[in-house]
Amino acid sequence: MAALTHLLVCVFGMGSWVAINGLWVELPLLVTELPEGWYLPSYLTVVIQLANVGPLLVTLLHHFRPGCLLEVPVVFAVLVVGTIACVLFAFLWNMTSWVLGGQHSVAFIVLTFLLALVDCTSSVTFLPFMSRLPTHYLTTFFVGEGFSGLLPALVALAQGSGITSCVNVTETSVTTSSPVTSRKTYVTQGVRSIRSAVAWVPAGRAGSLGQLESRYLPARFSPLVFFLLLASMMAGCLLAFLLLQQQARGRHGSIEDLLHSQVTLHSIQPREGKDEGPPGPVIIRRRQGRREEKPAAHRPAQLAFIYTLVAFVNALTNGVLPSVQTYSCLPYGPVAYHLSATLSSVASPLACFLSMFLASRSLPFLGVLTVLGTGFGAYNMAMAAMSPCPLLQGHWGGEVLIVLSWVLYTALLSYVKVMLGVILRDRSRSALLWCGAAVQLGSLLGALLMFPLVNVLRLFSSADFCSLDCSA
């Protein structure tokens, strides 16, 4: 039963962010079909942050009207809405509407808001629900949360989403008069396309130019299949939640029966035979021993440090660094990018799993790990700022460094997030609720910080690895 419960908790935790993570990894295919093109990620960033109204409302209700919001129905509603939204995505993702003088993906944006509302609200509903289970299951929950990024990434890799290759593009220009229509023929992998444009050029000149450009490879299956697979993951999370709810209810009844039987046994035991005490008090003494092993209550300054650390780590992992991963990795080539993305997704659940055996609740130690993880994140940010020509670009050492930096950054900060959650779990259920609120606050601040830097000020420059030349 313990192994089954761990499996159910892992599947339940996977549903926390699997929908939005799946949406991001599918973007390379979606932007080629939707009218917004590569402006679509900036729209998604704004929509996802608007969905923080969900956790804000839940937190305020718990604070000002404690007890008025039952977490089990809320979690059930969240998972049902997420499953239905994924199914609707499969059939409506490419539907456009005429708005403000142009075609826009209104259905896509509305469904994205619903999925973001589900995932953001999960931070302040899933964690308090986990307080119904023993503490050691919380680590398994974070393992599942790590899988919420890994599984969609693996499905996207199997689909071929975002995989590029360098192809030789030959451009030939032929002109006949001035001004004339300049005809340019592009030959890419044996496929010819013709484009025409009016230009003022001298007559009778012709030329050709060959260069490498990156091209997306065709997908092995459509977004329809991908979103249906995503819906099945959400449905699995819903089923796991229902089974966990039954187990939590049964465990509560079993504990009450056990305590009642202990009291009964203790009351009918004879007083003689002091060396061989009755079994009831032994169990109670063991329970009391476990209580004595619990860590002492944290002072207000320590709690402030813990919540600040939660917000800071999640700002980095959910808002700041994901915004620049393509800028930091793509200059080193598509292989480095996909390795960093995939291995980082693997590192997160592995770090959470490792915390089961190498757990440390020392706040100074967790602070040191946060500094180390932030250092690797700073290296990733620096390489993104130097794009399209970061350090060691074109050298195998640069590829190894950027992949290792992303993996270690993800692993260290994932471990810190798990241990902070375990510390707050031992404190109270309310502490877990505020932990979820700090998670969302940090993610929001990180995204709000990076959005103007990336999309408005455009401080980061993208690069086409195939045609990149940093020798100058």
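Summary of values
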item	result
Matching residues, the range 1-17, being open to solvent by less than 30 Å² (accessible area, probe 1.4 Å) and either within 20 Å of the chain's Cα centre (by Cα) or over 29 Å from Ala77 (Cβ atoms) (or both)	Leu8, Val9, Cys10, Phe12, Gly13, Met14, Gly15, Ser16
Filter result (open to solvent by less than 30 Å² (accessible area, probe 1.4 Å) and assigned to a loop (DSSP other than H, G, I, E, B)) within the range 18-63	Glu26, Val31, Leu34, Glu36, Ala51, Asn52
Options Pro331, Pro349, Pro364, Pro388; residue that is under 24 Å from Asn455 (Cα atoms) and part of a helix (DSSP H, G or I)	Pro331
Breaking point among (1) closer than 24 Å to Val143 by Cβ; (2) free of Cβ contacts under 8 Å to residues at least 60 places away in the same chain; (3) assigned to a helix (DSSP H, G or I); (4) among the aliphatic types (A, V, I, L, M), for Leu424	(2)
Residue within the range 328-346 that is open to solvent by 70 Å² or more (accessible area, probe 1.4 Å), touching a helix residue (DSSP H, G or I) at 6+ places or on another chain (Cβ under 8 Å) and under 30 Å from Leu303 (Cβ atoms) present	no
Residue that is modelled with the lowest pLDDT [pool: residues in the range 425-472 that are in contact with a Pro (Cβ under 6 Å, 6 or more places away or on another chain) and under 27 Å from Leu50 (Cα atoms)]	Arg429
Members of the range 402-413 found to be in contact (Cβ under 8 Å) with a residue 12 or more places away in the chain and either more than 19 Å from Phe460 (Cβ to Cβ) or not in a helix (DSSP H, G or I) (or both), listed by number	Val403, Val407, Leu408, Thr410, Ala411, Leu412, Leu413
Residue in the range 388-396 that is closer than 27 Å to Pro55 by Cα and not acidic (Asp, Glu) present	no
Residues being polar (S, T, N, Q) and in contact with a Ser or Thr (Cβ under 8 Å, 6 or more places away or on another chain) - total across the range 132-143	1
Complete set of residues in the range 423-432 that are open to solvent by 10 Å² or more (accessible area, probe 1.4 Å) and either more than 17 Å from Thr308 (Cα to Cα) or under 20 Å from the mean Cα position of the chain (by Cα) (or both)	Asp426, Ser428, Arg429
Single condition Ser414 does not satisfy, out of (1) over 28 Å from His136 (Cβ atoms); (2) touching a Cys at 6+ places or on another chain (Cβ under 8 Å)	(1)
Residues of the range 17-52 satisfying the condition of being among the small types (Gly, Ala, Ser) and modelled with pLDDT of 85 or more	Ala19, Gly22, Ala51
Selection status of Gly146, within 17 Å of the chain's Cα centre (by Cα), closer than 15 Å to Ile20 by Cβ, at pLDDT below 85 and assigned to a helix (DSSP H, G or I)	yes
Matching option when the condition is touching a helix residue (DSSP H, G or I) at 6+ places or on another chain (Cβ under 8 Å) and under 17 Å from Lys417 (Cα atoms), among Asn380, Asn314	Asn314
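The values are calculated or read from the model by the stated rules, or taken from the named source; none is laboratory data. Quantities reported herein were computed from a predicted structural model and do not represent experimental measurements. Ideal geometry is used to build each Cβ from the backbone, glycine not excepted, and the neighbour counts take in all protein chains shown. When the accessible area is computed, the model is the full protein with side chains, heavy atoms only, and any ligands, DNA or RNA have been set aside. Shrake-Rupley method; radii C 1.70, N 1.55, O 1.52, S 1.80 Å.
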